[in-house]
Amino acid sequence: MKDIIVVGGGYVGLSVAVAVKKSAPHLDIVLMEAAPEHVWEKDQRASAVIDAAVNMLKTLGLWDEIKPEAQPINDMIVTDSKTGEPVKPVFLTFADSRESAKPFAYMIPNVAMVRALRRSAEELGIEIRHNAAVTAFSDEGGNAKITLADGDVFETRLVVACDGVRSRLRDMAGIKTVKFDYGQSGIVTTVEHERPHNGRAEEHFLPAGPFAILPLTGNRSSLVWTERTSDAERLVNSDDMIFEFELERRFGHHLGKLTLAGGRKAFPLGLTLSRSFIASRMALAGDAAHGIHPISGQGLNLGFKDVAALAETIVEADRMGLDIGAFDTLERYQIWRRFDTVRMGATTDILNRLFSNDIGPLRLARDVGLGLVDRMPGLKRYFIEEAAGRTSREMPKLLEGELL
């Protein structure tokens, strides 16, 4: 009999397990990972992690290990142009001029985050089972029961589903979703360039979708390049010369000569929102609960917010002697996270529809709107704080940098 079984060995699943175990070491936690043991080491991607989520990583004792590979994002510019335009007019800039200003986000290699989380999980005594695909879930006799592909059966008080946007556990629990396919794919790759980026991120709104340039350590940048799915597949499968030519048309030459510094992959983009974040003896977190467009770079950060809220809910319930897997207990987590998630999903959906086109009157209206925001310091400061995750009224303790 286990107290908690976390299904999914990515950063969200590992973070839930580590956050709970650090504050409630007596709880027996097992993490089930469907993938082979070392597959995470092949992930060449990087993620934007907002300041509030960095507070959580610091509180969990992970930041000193991650920081050497983390690149602060101190500034951001937003342009709206056509593909191939040599000069991209800047309509909006984000930079906090205060001396006390902190970076509103960091770019962190996924490998660095997972490495630190796995090291912490092992030190805390959290069991991690690899090649452990869940084939069945049931709620029987007051506890949950899961069955693995190898036939092993586990009983637990609570299952935390962190198994991705196509979550099988969510389906097994009968939780419905709202889904929409954008007909777009996000191409992810890394480039080296001659000139320094100085910690500046760039978001270029192009007719096919946003083209984001995100700074990494050294003269390197991570790209999230949105294209129509058919064009994305063609680009990913093209030879290096064609890919680099199309890349330069969008990237420009302001950072000098570009060189591909990693592989390239395309991921389909859509909106997926779970109608419920909880079921009997189950809580969804991360992409299992929500999948949004990367236009705002908030996908992983929504997951980290889930982690902070769910861990606090579980730990406080345990301290009060409550059933950590009871529906009433988990309802607090759902109320805490649902509005913020729906709001962010709706925001990214509207932004993607507004900017992923080349309709003249619409383009004029959005450019005027961006220009007005750029000239209103108070509103711009609000957006910076929002991007850093510092505007919520009731922040989970971990996001505030406080222990549970």
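Throughout, read-outs are computed from the coordinates displayed, never taken from laboratory work. Just so it is clear, the structure is predicted and the values come from calculations on it, not from any experiment. Cβ coordinates were reconstructed from backbone atoms using ideal geometry, including for glycine residues, and neighbour counts include every protein chain displayed.
Some observations on this one:
- Whole-Å semi-axes of the ellipsoid equivalent to the chain (Cα gyration tensor, √5λ, descending): 37, 22, 21
- Nearest 10 degrees, 0 to 90: helix 327-355 Cα axis against the chain principal axis: 20
- Degrees between helix 110-124 axis and first principal axis of the chain (Cα, 0 to 90, nearest 10): 20
- Shape category assigned to the stretch 1-61 from the gyration tensor of Cα positions, a/c cut at 1.5: oblate
- When 160, 178 are arranged by Cβ crowding within 10 Å, least crowded first, meaning fewest neighbours, the order is 178, 160.
- Dipole of the chain computed with +1 at Lys/Arg Cβ and -1 at Asp/Glu Cβ about the Cα centre; of 258, 7, 326, farthest Cα towards the positive end is 258.
- Angle of helix 240-251 to the longest C-alpha principal axis of the chain, folded into 0 to 90 degrees and rounded to 10: 80°.
- Over the chain, relative contact order from alpha-carbon pairs under 8 Å, at least 6 apart, %: 22
- When DSSP beta bridges are restricted to pairs lying wholly in the chain, around 75% turn out antiparallel.
- Neighbour count of at most 14 Cβ within 10 Å plus DSSP loop: longest trypsin sites (Lys or Arg not before Pro)-free window in the chain: 276-374
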